[in-house]
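The values are calculated or read from the model by the stated rules, or taken from the named source; none is laboratory data. Quick caveat: nothing in here was measured; it's all calculated off a predicted structure. Quick reminder, even Gly has a Cβ in these numbers, built from the backbone with ideal geometry, and neighbours come from all protein chains shown. Only protein heavy atoms, including side chains, enter the accessible area calculation; ligands, DNA and RNA are left aside. Shrake-Rupley method; radii C 1.70, N 1.55, O 1.52, S 1.80 Å.
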Amino acid sequence: MKSRMFDIVADTWNPIYGCLHNCRYCWSRRLAETRLKHTKRYRMGFIPSFDEGEMRRKFKPGSIVFVSDMGDIFSPGVKDEWIKKVIDHVSEFPETEFLFLTKNPYRYHDFDFPKNAILGVTIETNRNDLCEMISRAPPPSMRYNAMKELDGKRFVSIEPVMDFDSDVLAWWVKNIEPVVVYIGYDNYNNRLPEPPLAKVRELMELLRADGITVIEKTIRPAWNEIMK
């Protein structure tokens, strides 16, 4: 299945699914608790789980695979042994790239990743106070500190974007040195504390001026701009 989140991704793979961050805007948790709630995977809700059968999956050379779009494999509740099995499987396909994405990047430092892993982070804003309102995930400042110390290929998702300090967030992204940045507004009418559209466009210009590849997702006026 092609990823609905990132157009560079050709396939998705969910050996670990579920998450305990409880982000208010999480589309995958909402899907698991509604349309998929009677399936074998999600009959117990969105708790982190491991599917051993997914270790039989094969992947095409030259493609990019998004690992666990239906959860966060570095969420609390995910066992180290599960993550190690996933990484071992990734190592078996050196000609395929695997995109990881988390709001808990400190756990990246607990494992050795092969060169075909792209280590991603979601940073919706630089403001810890805004994230405290909508998520149990580690605050953005901690995510930034964990990412800037990593080696290898890195990736940043600023989605769903929330209000931010332009100079700070641009500096963070520059220090992370990502291969690409995706940025976009919320798609699910969650009434998040969104920045005005002009501010988002300014941020994209700042990043591009530093030579950073920025891919636009849903770019629109903030919901509170539309309501005025």
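For the range 33-106, applying the loop criterion from DSSP together with a ceiling of 11 other beta carbons within 10 Å to the trypsin sites (Lys or Arg not before Pro) yields 35, 40, 43, 58, 79. In order along the range 98-115, phi translates into HN-Hα couplings of 10, 9, 9, 9, 8, 9, 10, x, 4, 5, 4, 6, 8, 9, 9, 9, x, 5 Hz, rounded to whole numbers, per the Karplus curve 6.51 cos²θ - 1.76 cosθ + 1.60 with θ = phi - 60° and x for Gly and Pro. Only Cα pairs within less than 10 Å get springs; with that Gaussian network setup on the chain, which residue of 21, 89, 38 has the largest fluctuation? Top of the fluctuation ranking is 38. Cα extents for the range 17-68 along the principal axes, largest to smallest and rounded to whole angstrom: 35, 23, 18. Cys residues of the chain that find no other Cys beta carbon under 4.7 Å: 19, 131. The Cα center of the range 133-189 and the Cα center of the range 10-46 differ in position by 22 Å. Projected over all directions and averaged, the alpha-carbon convex hull of the range 1-90 occupies 6.0 nm². Computed from Cα atoms alone, the Kirkwood hydrodynamic radius reported for the range 183-228 is 11.4 Å. In this calculation the C-beta distance from residue 41 to residue 219 is compared with R0 = 41 Å, giving a FRET efficiency of 0.80. For the range 189-228, the residues whose amide N sits under 11 Å from a probe point set 7 Å from the Cα of residue 174 along the beta carbon direction are 206-212. Could you pull out the longest piece of the chain with no exposed loop GluC sites (Glu not before Pro) in it, calling a site exposed if DSSP puts it outside H, G, I, E, B and it has at most 16 other Cβ atoms within 10 Å? After excluding every exposed loop site, the longest remaining stretch is 150-228.
Residues within the reach of a label modelled at residue 63 (point 7 angstrom out along Cα to beta-carbon, backbone nitrogen below 18 Å), restricted to the range 111-138, are 116-118.
Kirkwood radius, the range 35-147, all distinct C-alpha pairs, inverse of mean reciprocal distance: 15.4 Å.
Counting only DSSP beta bridges whose two residues both lie in the chain, roughly 10 percent are antiparallel.
Based on protein heavy atoms only, the range 124-215 ends up with 43 Å² per residue of surface accessible to a 1.4 Å probe. The magnitude of the dipole of the range 94-163, with charges of +1 and -1 set on the Cβ of Lys/Arg and Asp/Glu and taken from the Cα centre, is near 60 debye. Atom-type composition of the exposed protein surface of the range 24-178 places 49 percent of the accessible area on carbon and sulfur (1.4 angstrom probe).
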